[in-house]
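In what follows, a structure is listed as structure tokens, so that the remarks can point back to it.
The values are calculated or read from the model by the stated rules, or taken from the named source; none is laboratory data. Quick caveat: nothing in here was measured; it's all calculated off a predicted structure. Neighbour counts are summed over all protein chains in view; Cβ atoms, including those assigned to glycine, are modelled from backbone coordinates with ideal geometry. Surface accessibility is based on the protein's heavy atoms, side chains included, excluding ligands, DNA and RNA. Shrake-Rupley method; radii C 1.70, N 1.55, O 1.52, S 1.80 Å.
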Amino acid sequence: MPEWDEDIAALNMSDVEKNGLQVYRNYTKAFEREQAKKFAAEVDAESHDVSRLDKVCLAIASDDERLIPVIACAFADEVLDEMYKREIPKGIPGGRDSLFSGYGPFSSLSKRIQVACAFEWMSEDILKDMDSLRKVRNKFSHLWDHESLSGYADKAPTSDITPIETMFKDHEERLLLSGVEKLDAVGRLRVRIIWLLGRLYYEALLYPRAIKQRMNPYVALYGESRPEVLSRVAGVCSEYTRQVLQAKI
């Protein structure tokens, strides 16, 4: 009996057709694995400084809760700006700088988020969560009475930010995420934004690069042969998750 994947075995096709489909799939997977190994080796040969991520995570873990959306959005704005300037060719008609100024498509955080979402240059949940934080930041910036936003961490859209503690449920002990669900709303928000910014930093660095190499970005960034910088990013996020948890004990 030929060894077919379960879904291929269930197809209403001849054995010859199934064999051909299985061979093609096996070849594709093998090619993706080798491509991912090469991608990781290229990235690992480079120098990637995560000290800036460390600083922003410290701020998210310890600063006044009303500053959290402001700090997070400022960091995201900077990281996305760098991503576009790194990835957009210089020979743009009218000059590349025009894209980042005035009413250009990369002139504000909201536009940078929209373009990244439209062209799938980053995980959709990261961009949607950043847009939620951007809306909260805008509320803070237009209100002099910040007490009126007291309890904002309990309310949408902030409360809807992806719960990283459930996303990585299988790794919660290793990533120090167990216990996050017992935190108060602000504590949970701190942890979720720490991981949100870590993922944003990592994907802004490598996601467009993987796409340009015609790779599956999830295989390249999170697969078996993922770049070493992911471990460093996760290490930073885990450390500040630990600090938030200890502060609440």
Practice task
Please arrange 207, 24 by accessible surface area, largest first, computed with a 1.4 Å probe and ligands excluded.
Solution key: 24, 207
Problem - Between segment 121-138 and segment 60-79, the Cα center-to-center distance that results, in Å - result: 13
Handout entry: Cβ-derived FRET efficiency at R0 22 Å, residue 48 paired with residue 218, nearest 0.05
Key = 0.70
Problem - Value in Å of the Kirkwood radius, where the chain supplies the Cα pairs that are averaged - result: 20.2
Problem - For segment 1-149, Kirkwood radius (reciprocal of mean inverse C-alpha pair distance, Å) - result: 19.8
Fill in the blank from the handout: With the dipole of the chain defined by +1 on each Lys or Arg Cβ and -1 on each Asp or Glu Cβ, the option from 233, 166, 58 whose Cα lies farthest towards the positive pole is 58
Practice task
Can you tell me what the convex hull of the Cα atoms of segment 19-89 projects to on average, as an area in nm²?
Solution key: 8.2
Practice task
Starting from the Cα of residue 141, step 7 Å along the direction of its Cβ; do the same at residue 178; then give the gap between the two resulting points in nm.
Solution key: 4.1
Exercise for the section: Any lysines with Cα under 19 Å of the residue 85 Cα? List them, leaving off those in the same chain fewer than 8 positions away. Expected result: 111, 212
Practice task
Name the lysines eligible as straight-distance cross-link partners of residue 182: C-alpha to C-alpha under 18 Å, and not fewer than 8 places from it in the same chain.
Solution key: 155, 169, 248
Exercise for the section: Work through the residues other than residue 22 whose Cβ is under 14 Å from its Cβ and net out their charges, Lys, Arg +1 and Asp, Glu -1. Expected result: -3
Problem - Acute angle (nearest 10 degrees) that the helix 185-212 long axis makes with the longest principal axis of the chain, alpha-carbon atoms - result: 40
Exercise for the section: List the aspartates and glutamates whose Cα lies under 19 Å from the Cα of residue 128, skipping any in the same chain that are fewer than 8 positions away. Expected result: 77, 78, 81, 120, 154, 160, 165, 203
Practice task
Would you mind counting up the charge near residue 84? Only other residues with Cβ under 15 Å from its Cβ, with Lys and Arg at +1 and Asp and Glu at -1.
Solution key: 0
Practice task
Could you provide, to the nearest whole Å², the per residue accessible area of the chain with probe 1.4 Å?
Solution key: 55
Exercise for the section: Can you tell me the dipole magnitude for the chain around its Cα centre, using point charges on the Cβ only (Lys, Arg +1; Asp, Glu -1), in Debye to the nearest 20? Expected result: 640
Exercise for the section: Would you mind getting me the FRET efficiency between residue 64 and residue 26? Use the beta-carbon distance for r and R0 = 35 Å, nearest 0.05. Expected result: 0.05
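Which percent of the accessible heavy-atom area of segment 56-142 goes to carbon and sulfur, probe 1.4 angstrom?
Numbers: 2320 of 4300 Å².
Summing carbon and sulfur atoms, their accessible area is 54 percent of the total for segment 56-142.
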Handout entry: Relative contact order %, the chain, counting alpha carbon pairs below 8 Å whose residues are six or more apart
Key = 28
